[in-house]
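Asks: Below is one structure. I have some questions about it.
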Amino acid sequence: MHKSFLNAAVDRRAVVAGIGATAALSALPARAASLPPLSGPKALPYIVPDKLANAATMVPVSQVRVDGWLGHRIGINARARLTSVDLEPLLAGFRKKPGSHPWIGEHIGKWMHAATLAWASTGDAKLKARLDYAAKALVQAQEPDGYLGTYLPADRLALVKGAGWDVWSHKYCLIGLLTYYQYTGDRTALDASRKAADLLIATFPAKRSILAAGHHSGMAATSVLQPIVQLYRLTADKRYLDFAYYIVKSWQEAGGPDIVRTLMREKRVEAVGNAKAYEMLSNIVGVCELARVTGDRTLIDASINAWNDIAATQLFITGATSDGEFFQPDTHMAEENMARVGETCVTTTWIQLNQALFQMTGEARFGDELERTYYNALTAAQHPDGQDWCYFTALNGRKKYDKDITCCHSSGPRGLALSPMSAYLTGRDGGDDVLMVSTLEPSSARVTLGGQAVLVEQATAFPQAGGSRLRLTLRRPARFGVKVRVPAWAGPVTIAGATVRDGWAHLPPRLWRDGDEIAIGYTLASTLTSGAGYRAGRQWLNWGPFVLAYEHNANGKLPPVDILHYEGPARLTGTDGFLRFEAPVTRGRAPRHHEDLAYQAFTARLVTYADAGADGGYYRIWLRRRAAA
């Protein structure tokens, strides 16, 4: 089905010596000291300088390419999904009001956001033509007062029966138009965004509180904070900054979610508002953006408190969160038989939060969670053919892919379109630039380091075997440091001359020349983990960052009453489109008394959680430990 990830420029006859890994890597092609065209459209820079400088800056999507397993999923997202979406139903509600449902207005902005990033990455002319069409149609549908929604006049920008998602939809129109403007320079998109924002400013709070214009303690409406801050950064118009401050202050009104103060006091997301995960995370992403331009440390501390709580009490081992779209009390997150978990909208917004904190802090833990989510929760929600998505993605059960116009079907493609930007970052070490490598996929990036344009190329056998090598191409020597993120599953990571601390392997600043290479040794193998706490009695397998899944259809269609136990790690057995594995398992029929249970050993067939259930069959990532049977 999907074999392109196997063509990762890997030649198994070539071996990189001295890296302590079994991977056989191809020699990178010989190059003169010139840089090939990793040169898609660059985003326009922000006018307003940040008061909170990034510890790490993501390489723009137009300057990075991810190949291999994840690159394949990114590619089919663009080719099979974004280029084939029927735009007419997404635009119909703007042209003829009211729209077909209350939040139909969110989808065109979500599509434009994802499609713009995908076009900037690929240069696909067909996608660009569709983007231009969508942007023009959306701007033409805007009303003279700036209204950019799908409601009749009596229902606009308020919380009334059958409505209440107007500001929410404006948020996504703004995100789509502003992203399109940044990569195309089309002033009509910026002008339309300003008109829409000006209408919001004229409405709130003069006519009503913004909390009275959205569901979920007002969090649906106030999540417009993110693009309002983005608009301020692009225009330097202080009215937008003032409006952003008003939004944050509104959270403290009676019945409001009081997001920042609650996170500072309680440090629990379940205590914020009504605990609606998607809307809350959308607001916290906006809080991060406001912190960036104001330097307000309290906003960052509140965002990190939210992250800490989610990572400790709300996060599944797949990198997804939420049950039935809400954050839950800690004791509720039992996971095994929960079907309405891991809303894809929440997964994508969790990615956005991790990207924001990764840049602001440079801490490896945020890169670790991005990796976990990409290889599991996000791609598990995407059908392997790239077209359909799940709204929820169970850890045990069946995947319900659909073709409907849903929030999640529009959000998932955004998550994948954002993912290349997490692969390579740049930072500082004293007075020197630093290249930060946060991927072990075959990939490349074009960055500026030490005043020189540098092409970074990574050759690797991942995900079949460990070990990779970086090659640097630059016209003139340049001084900079290098940091490689060290995932827990890959240890030990070995790089000659590097010291490992804080989740990174550090190479100190030095003078690099054209053709210099860095060999990275790491282990890619299976690990068997037994759960503790509310996961007690369960066990699961990983292959590197991938959570593995046991598919019933591939294992003799065993009845679900069988008690199954992993007895050891898995081994890779095939790469025929899917990664395929085998692992020793014992099974037994559910007994009257545990001591009467007779176990039978067999070899189970496994795939990655991302690929599991593509045929509609039942799968499990959890099996039960024998001691708990």
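The values are calculated or read from the model by the stated rules, or taken from the named source; none is laboratory data. Being a predicted model, the structure only gives us computed values, none of them experimental. Heads up, the Cβs are rebuilt from the backbone with ideal geometry, glycines too, and the neighbour counts pull from every protein chain shown. The accessibility values were calculated without ligands, DNA or RNA, using every heavy atom of the protein model including side chains. Shrake-Rupley method; radii C 1.70, N 1.55, O 1.52, S 1.80 Å.
Asks: With at pLDDT below 95 and under 26 Å from the mean Cα position of the chain (by Cα) as the only criterion, which of 124, 132 stands out?
Replies: 124
Asks: Can you tell me which of (1) under 20 Å from residue 120 (Cα atoms); (2) touching a residue at least 12 places away in the same chain (Cβ under 8 Å); (3) not aliphatic (A, V, I, L, M) is the one residue 226 doesn't meet?
Replies: Failing condition for residue 226: (1).
Asks: Turning to a different aspect of this structure: In the range 515-530, which residue that is surrounded by 23 or more Cβ atoms within 10 Å (Cβ to Cβ) and part of a strand (DSSP E or B) is nearest to the chain's Cα centre (by Cα)?
Replies: Only one residue fits best here, namely 520.
Asks: So, in the range 230-263, exactly how many residues are within 25 Å of residue 325 (Cβ to Cβ) and either in a helix (DSSP H, G or I) or open to solvent by 50 Å² or more (accessible area, probe 1.4 Å) (or both)? Lay out the reasoning, then the answer.
Replies: Filtering the range 230-263 down to residues within 25 Å of residue 325 (Cβ to Cβ) leaves 247-248, 250-263.
Next cut, either in a helix (DSSP H, G or I) or open to solvent by 50 Å² or more (accessible area, probe 1.4 Å) (or both) only: 247-248, 250, 252-255, 259-263.
Adding up the residues that qualify gives 12.
Asks: Can you list residue pairs whose Cβ atoms sit under 7 Å apart, with the first residue in the range 567-589 being under 15 Å from residue 542 (Cα atoms) and without any contact (Cβ under 8 Å) to a residue 24 or more places away in the chain and the second being among the acidic types (Asp, Glu) and not in a strand (DSSP E or B)? Count only pairs 6 or more apart in sequence or on different chains.
Replies: Here the result reads 584/567, each pair linking the range 567-589 to a residue that is among the acidic types (Asp, Glu) and not in a strand (DSSP E or B).
Asks: Looking only at the range 489-506, filter to residues that are farther than 13 Å from residue 524 by Cβ and not in a loop (DSSP other than H, G, I, E, B); which one of those is most open to solvent (accessible area, probe 1.4 Å)?
Replies: Taking the candidates together, the pick is 501.
Asks: Still on this model: Looking at the range 381-391, can you tell me whether even one residue there is in a helix (DSSP H, G or I) and buried (at least 24 other Cβ atoms within 10 Å of the Cβ)?
Replies: There is at least one residue in the range 381-391 that is in a helix (DSSP H, G or I) and buried (at least 24 other Cβ atoms within 10 Å of the Cβ).
Asks: Kindly evaluate residue 339 against the criterion of being open to solvent by less than 30 Å² (accessible area, probe 1.4 Å) and part of a loop (DSSP other than H, G, I, E, B). Can you show your working first?
Replies: Details: open to solvent by less than 30 Å² (accessible area, probe 1.4 Å): no; part of a loop (DSSP other than H, G, I, E, B): yes.
No.
Asks: Also, quick follow-up: Do the conditions hold for residue 533, that is, is it on the phi > 0 side of the Ramachandran plot, among the small types (Gly, Ala, Ser) and either buried (at least 19 other Cβ atoms within 10 Å of the Cβ) or touching a strand residue (DSSP E or B) at 6+ places or on another chain (Cβ under 8 Å) (or both)?
Replies: Considered against the rule, which asks whether it is on the phi > 0 side of the Ramachandran plot, among the small types (Gly, Ala, Ser) and either buried (at least 19 other Cβ atoms within 10 Å of the Cβ) or touching a strand residue (DSSP E or B) at 6+ places or on another chain (Cβ under 8 Å) (or both), residue 533 comes out as no.
Asks: Looking only at the range 512-521, decide whether some residue is farther than 25 Å from residue 444 by Cβ and of a type in the set (Asp, Glu).
Replies: Looking for residues that are farther than 25 Å from residue 444 by Cβ and of a type in the set (Asp, Glu), one finds none in the range 512-521, hence no.
Asks: Restricted to the range 140-158, and to residues that are surrounded by fewer than 20 Cβ atoms within 10 Å (Cβ to Cβ) and among the hydrophobic types (A, V, I, L, M, F, W, C), which residue is nearest to residue 58 (Cα to Cα)?
Replies: Only one residue fits best here, namely 158.
Rundown of residues vs (1) in a loop (DSSP other than H, G, I, E, B); (2) free of Cβ contacts under 8 Å to residues at least 40 places away in the same chain; (3) over 30 Å from residue 527 (Cα atoms); (4) open to solvent by 10 Å² or more (accessible area, probe 1.4 Å), yes/no style:
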{"site": "273", "(1), (2), (3), (4)": "yes, no, yes, yes"}
{"site": "290", "(1), (2), (3), (4)": "no, no, yes, no"}
{"site": "301", "(1), (2), (3), (4)": "no, yes, yes, yes"}
{"site": "309", "(1), (2), (3), (4)": "no, no, no, yes"}
{"site": "346", "(1), (2), (3), (4)": "no, no, no, no"}
{"site": "350", "(1), (2), (3), (4)": "no, no, no, no"}
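Asks: Quick one: what pairs do we get from the range 442-453, first residue without any contact (Cβ under 8 Å) to a residue 12 or more places away in the chain, second assigned to a strand (DSSP E or B) and open to solvent by less than 30 Å² (accessible area, probe 1.4 Å), C-beta under 7 Å, 6+ apart or different chains?
Replies: none
Asks: Quick check on residue 458: is it free of Cβ contacts under 8 Å to residues at least 60 places away in the same chain and either among the acidic types (Asp, Glu) or surrounded by fewer than 22 Cβ atoms within 10 Å (Cβ to Cβ) (or both)?
Replies: No.
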